[in-house]
Every structure is written in C-alpha cells, then in structure tokens.
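The values are calculated or read from the model by the stated rules, or taken from the named source; none is laboratory data. Nothing here was measured: the structure is a model prediction, and the numbers come from that model. Here the Cβ positions follow ideal geometry from the backbone for every residue, glycine too, while neighbour counts run over all protein chains shown. These area figures cover heavy atoms from the full protein model, side chains too; ligands, DNA and RNA do not enter into them. Shrake-Rupley method; radii C 1.70, N 1.55, O 1.52, S 1.80 Å.
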Amino acid sequence: MARLVVDMAEVLTPQEAANMLGVGIATFWRRLRAGRLHPIRVSGRTFVLRAEVLLAVARERNAQLRPTGG
C-alpha cells in the first residue's frame, strides 16, 4: 500500500478552515459535502489543504468585487 506523506503545516482542521473562510463550522461541513472543498482523512480525522482554502477565499473575494451587469 502506498503511503501519503503530508506536511501538517500545509493542512488545516475544519475549525481552522472555517475561520479562514469566515464561515461557521456548519457552513464549512456543507461546503465539504457539496464538493466545494476536498477532505483529507487521516485516522478518522478530517483536514483540508491550506492552499485549497486560500484559493477558495480568493475566489470569494473576486466574486464580491465583480461588478454586476446593468
């Protein structure tokens, strides 16, 4: 079986990710279930990549800055 080695400085707990996204923990889990974030599961614990959360934050900020048509 192949082993995946992950630098723990590069992953976030659900609570850390929710804080970075500026959402509550329930909203974080909804986004995870909807496929907007991709979990890494290790020994029954869930993590997400820090880079993926930063990308999601940037996408949300860009969406807020886009002018609406009119």
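Summary table
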read-out: Selection within segment 7-23 - touching a residue at least 40 places away in the same chain (Cβ under 8 Å) and under 13 Å from THR46 (Cα atoms); value: LEU12
read-out: From the options LEU37, LEU4, residue that is in a loop (DSSP other than H, G, I, E, B) and open to solvent by 90 Å² or more (accessible area, probe 1.4 Å); value: LEU4
read-out: Filter result for ALA58 (exposed (fewer than 10 other Cβ atoms within 10 Å of the Cβ), among the hydrophobic types (A, V, I, L, M, F, W, C), assigned to a helix (DSSP H, G or I) and out of contact with any helix residue (DSSP H, G or I) (no Cβ under 7 Å at 6 or more places or on another chain)); value: no
read-out: Matching option when the condition is of a type in the set (Lys, Arg) and in contact with a Lys or Arg (Cβ under 9 Å, 6 or more places away or on another chain), among ARG66, ARG36, ARG59; value: ARG36
read-out: Pair list, Cβ < 6 Å and 6+ apart or interchain, from segment 40-51 residues that are under 15 Å from ASN19 (Cβ atoms) and of a type in the set (D, E, K, R) to residues that are assigned to a strand (DSSP E or B) and open to solvent by less than 70 Å² (accessible area, probe 1.4 Å); value: ARG50/LEU12
